[in-house]
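S.K.: Okay, handing you the structure first.
The values are calculated or read from the model by the stated rules, or taken from the named source; none is laboratory data. Predicted, not measured: the structure shown is a model, and the values here were computed from it. Note: ideal-geometry Cβ built from the backbone for every residue, glycine included; neighbour counts use all protein chains shown. Surface accessibility is based on the protein's heavy atoms, side chains included, excluding ligands, DNA and RNA. Shrake-Rupley method; radii C 1.70, N 1.55, O 1.52, S 1.80 Å.
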Amino acid sequence: MDTVIEGKVQRIRYSDGDTFWTIATVGVVGGEVTIVGTMPGLQAGMNVRCDGRVDNHAKYGKQFRVERWVELVPATKKGLTSYLASGFVAGIGPSFAKRIVEHFGTETLAIIRDTPERLAEVPGIGKKRSVKIVSALQERRGPQEALIFLMGLGMTRGMAMRIYRRYGDDSVSLVRREPFKLAEDVHGIGFHRADQVARGLNIAHDALGRLRAGVYHCLRVARDDGHSFLWRPTLIAAAAELLKVDESMVTPALSALAADGKVALSHPPGSSGDEAVYLPKLYAAEHRASKQVATFLSRPPRHVDDRDEVKASIAEAATSLGLELADGQTRAVQLAFERGFVVVTGGPGTGKTTLVRTLLKAVAADIEERRIALAAPTGRAAKRLSEATGQHASTIHRLLEFSPREGRFQRDADAPLDIDLIVVDEASMIDLQLFDALVRAIPSHARVVLVGDSDQLPPVGPGSPLLDLLSVEHVPVARLDRIFRQGEGSAIVDAAHAINSGQPIAPTPPGTPLQDFYFIERDDPDDIRAMMEHLVSERIPERFGLDSVADVQVLTPMRTGAIGVDRLNTALRDLLNPGDDDTETALGFRVGDKVMQIRNDYDRSVFNGDMGYVERVDPKRKTLLASIDQRPVLYEAQHSDDLVLAYAVTVHKSQGSEYPAVVMPVSTQHFKMLRRNLLYTGVTRGKRLVVLVGTPRAMKLCVSARDEATRFSGLAARLRHEMERPRDE
């Protein structure tokens, strides 16, 4: 039950400038009370009224947790004089406070707020001092007034603080004027929340600003779903449904967005006449990428006088590495020798790494190592590529020298990479915009080899360049389909290829000798979770000697539910890194927690998907030190949304990574996500051990459900068009 207290703030014991979290002492009738909560602008000397509740903290004792607070401004001359003279307004002491109140009376604060220039009327207060006084009052009141206004419109504290940090003292006026701008500018506030704010401000249901925001929101949702564009009829129908208006009202909003350059309208080559609607950055990326790839493909094949001699040199390179190439691998390496742009695709165990190692060895005589670039979309994938080849590999972002300050890559068409050959691994993860940035930075003379598994999940971002390239007949493709590890004790590889071909995996019979793949049958989601917990905490460490935290990774299709990421992380943390009421935490984490970075932070060189462990926490400063990929990274309050527990992660987040052991549920509870490529991707993340837990029915549903969701992309059509038109156009 909420309680109300009133009193004077005696002292501020702690205040965080980023989150406004404050601990203070308030004098009340009968003594003092410790108050805690989000209280922007609170200062010693204020008279306040606080709504909230009394908590008994295990360590700090009785505290009053503030939910809402207001400053009680005095209404008498005596009170106003004391208020201004209390010391928390810079530039006003007892003498000036008395003069100001004597001059303006009980209207003093209103005059200071609304017509501050009138302070110059007070004897002894010049322009310089009046500016200082007004600044001090505004600095103190700005955040308080903005947050009260925003929270009054239904914003949570966190949202209101993010808005204030984005717009500062302009927050109130900007939100009143353009509430839908919040959806574009402020992380975590989408169209629906901005629409709620607009309703609170009595903005009309059919206002053009609302209609524009709805159309734009539908395009952004499509982008987040992997689409590069939406067909015009599809977009108009989706926006009308979202906005609850007639489709005829959406068309003018779309036209207005196009006129302002907020969207791009286009007819992709070969389209049936419908217009495609793009976000401008995706439209530009698709155009540029298609032209650049066409430039690579239009180069005449490298002249080879003696193909037998090339084959011999490839065989010699393989022999020197202790490798034996199959005919398909030899042809793939030869293709990379002769053509300027090649795609290599194949599943696990088909020899992609062998091919890359041989290629690098074979070209060593012609190309200096420093003029060869190896790259991958993620840090973990780059590390794996480096370990496999013995040569330095970097993330694509590092290779292209992304500048967080400028928000762009330093390497581009005007400042290309100084290389003769580039090999890019895990190409299935590369979305349209990253692909565009990559190909623009590659000099036109360089050879490009993209390596990826086309059966894995598509990129998290928009587009699917690898699949688009594979569908264009002009692109040289080496398809590796012979499985080299099959029959050599790799049940993981056998299972992965069976899943990919639509064959359900049967539960592993009891008494099966130790192997690297198991499917344990459990039906109820709670039973599945219990078995997964047992596997991770006891059975796998005991039978395989693997560490529960460092070596075993739980993957799951979804975030919610009994076997979703959230519940699994809570359960596994309690098992593997338990704490109690006295355990010190910071930003919600404790020492030893397994964590994952979920946003790219180029300033601190930590990226989406990077994993590590919490090494130290400082509860007072609300900071923690984590070892991310064996490198220390400090997390402060402003980074609190960047880190999540990672005892369990989604299959999508695991792309590009490889773990010693993987444990994954296969349940009908995840019916919406049960797709063959998702299970295939999860299984192929395991290096030494994979254990699936679930039902044969869910397994059958999963392997029979191909991902039929077509991504709207114009890259393949534009590339064909570029290849078929005269090159001098």
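S.K.: By a straight-distance test (C-alpha under 26 Å), which lysines pair with Lys281 as possible cross-link partners, with residues fewer than eight away in the same chain excluded?
M.R.: Answer for Lys281, where 26 Å is the Cα cut-off: Lys181, Lys262, Lys291, Lys653, listed by chain and number.
S.K.: Here's something else I'd like to know. Using +1 at the Cβ of each Lys and Arg and -1 at the Cβ of each Asp and Glu in the stretch 518-674, identify which of Val549, Leu645, Gly609 lies farthest towards the dipole's positive end.
M.R.: Final value for the positive-end residue is Gly609.
S.K.: My understanding is that a pair violates if its Cα-Cα distance is over 20 Å; which of Lys8/Lys127; Lys8/Lys77; Lys62/Lys620; Lys383/Lys687 do that in this structure?
M.R.: Too far apart for the 20 Å limit: Lys8/Lys127.
S.K.: Ignoring ligands, DNA and RNA, how do His534, His217 rank by accessible area with a 1.4 Å probe, largest first?
M.R.: His534, His217
S.K.: Now for a separate question. What GluC sites (Glu not before Pro) in the stretch 636-715 are in a loop by DSSP, with at most 14 other Cβ atoms within 10 Å of the Cβ?
M.R.: Glu708
S.K.: So what does Asp260 come to for accessible area, using a 1.4 Å probe and Å² rounded to 10?
M.R.: Taking all protein chains as shown, Asp260 has close to 100 Å².
S.K.: Another one. So how much slack lies between Arg543 and Arg220, counting 0.36 nm per residue of separation and subtracting their Cα-Cα distance, in nm?
M.R.: Gain in length upon complete extension: 111.5 nm.
S.K.: Under a 1.4 Å probe, what is the accessible area of the stretch 11-79 per residue, stated in Å²? Walk me through the numbers on the way to the answer.
M.R.: On the way: 3590 Å² over 69 residues.
That works out to 52 Å² for each residue.
S.K.: Okay, next question. Compare Ser454, Ser444 by solvent-accessible area with a 1.4 Å probe and give them largest first, with all protein chains kept in place. Each step should come with its number before you reach the end.
M.R.: On the way: Ser454 30, Ser444 65 Å².
Ranked from most to least accessible, the order is Ser444, Ser454.
S.K.: Quick check: the angle from helix 715-724's long axis to the longest principal axis of the chain, C-alpha only, nearest 10 degrees?
M.R.: So the inclination is approximately 50 degrees.
S.K.: Assuming 1.002 mPa s and 20 °C, estimate D for the chain with Stokes-Einstein, Rh taken as the Kirkwood radius over Cα pairs, in µm²/s.
M.R.: D, rounded to a whole number, is 72 µm²/s.
S.K.: Moving to a separate point now. Under the rule of at least 5 residues apart or a separate chain, name every residue whose amide H is placed under 5 Å from the amide H of Gly609.
M.R.: For Gly609, the qualifying residues are Gln597, Ile598, Arg599.
S.K.: Are there any trypsin sites (Lys or Arg not before Pro) in the stretch 220-306 that are in a DSSP loop and have at most 15 other Cβ atoms within 10 Å? List them by number.
M.R.: Sparse-neighbourhood loop trypsin sites (Lys or Arg not before Pro): Lys244, Arg302.
S.K.: At 1.4 Å probe size, with no ligands or nucleic acids counted, give the accessible surface of Asp274 in Å², nearest ten.
M.R.: About 70 Å², rounded to the nearest 10.
S.K.: Within the stretch 314-423, list the trypsin sites (Lys or Arg not before Pro) lying in a DSSP loop whose Cβ has at most 11 other Cβ atoms in a 10 Å radius.
M.R.: Answer in residue order: Arg405.
S.K.: Here is a further query. Rolling a 1.4 Å sphere over the protein heavy atoms, what is the accessible area per residue of the stretch 221-358, to the nearest Å²?
M.R.: Normalised by residue count, the accessible surface of the stretch 221-358 is 45 Å².
S.K.: Related question: Hey, what angle do you get for helix 491-500 against the long axis of the chain, alpha-carbon based, 0 to 90 degrees rounded to 10?
M.R.: 80
S.K.: Any idea of the accessible area per residue across the stretch 573-663, 1.4 Å probe, to the nearest Å²?
M.R.: Working: 4010 Å² over 91 residues.
Result: 44 Å² of accessible area for each residue.
S.K.: Reachable aspartates and glutamates from Lys98, Cα under 15 Å, same-chain residues fewer than 8 places away excluded?
M.R.: Excluding near neighbours in sequence, the set is Glu107, Glu121.
S.K.: Apply the Karplus parameterisation 6.51 cos²θ - 1.76 cosθ + 1.60, with θ equal to phi minus 60°, to every residue of the stretch 357-371 and state each ³J(HN,Hα) to the nearest whole Hz, in sequence, with x for glycine and proline.
M.R.: For the stretch 357-371, the Karplus-derived couplings read 4, 5, 4, 5, 5, 5, 8, 4, 6, 9, 10, 5, 4, 5, 9 Hz, x marking Gly and Pro.
S.K.: Next question. Tell me which of Leu243, Phe191, Ser298 sits at the most positive position along the dipole axis of the stretch 179-303, charges placed on C-beta atoms (Lys, Arg +1; Asp, Glu -1).
M.R.: About the Cα centre, the residue reaching furthest to the positive side is Ser298.
S.K.: Please list, ordered by chain and number, the residues whose modelled amide H lies under 5 Å from the amide H of Arg447; skip anything fewer than 5 residues away on the same chain.
M.R.: Sorted by chain and number, the residues that satisfy this are Leu421, Ile422.
S.K.: Have a look at Val472, Gly126, Ala285 and report the one farthest towards the positive end of the charge dipole of the chain, computed about the Cα centre with Cβ charges (Lys/Arg +1, Asp/Glu -1).
M.R.: About the Cα centre, the residue reaching furthest to the positive side is Gly126.
S.K.: Run the accessible area of the chain with a 1.4 Å probe and give the carbon-and-sulfur part as a rounded percent.
M.R.: Of the solvent-accessible surface of the chain, carbon and sulfur hold 48 percent.
S.K.: Additional query: Please work out how much accessible surface Lys687 shows to a 1.4 Å probe, ignoring ligands, DNA and RNA, in Å² rounded to 10.
M.R.: 130
S.K.: Mind putting a number on the dipole of the chain about its Cα centre? Charges go on the C-beta only, +1 for Lys and Arg and -1 for Asp and Glu, and I need it in Debye to the nearest 20.
M.R.: Here the chain has a charge dipole of around 2140 debye.
S.K.: Then there is this: As I understand it, the value is the acute angle between the Cα axis of helix 94-104 and the longest principal axis of the Cα atoms of the chain; what does it come to in degrees, rounded to 10?
M.R.: Around 80 degrees separate the two axes.
S.K.: Between the alpha-carbon centers of the stretch 530-605 and the stretch 615-651, tell me the distance in whole angstrom.
M.R.: 13
S.K.: Something else now. First measure r as the distance between the Cβ atoms of Lys128 and Lys620, then evaluate 1/(1 + (r/R0)^6) with R0 = 45 Å and state the FRET efficiency to the nearest 0.05.
M.R.: 0.70
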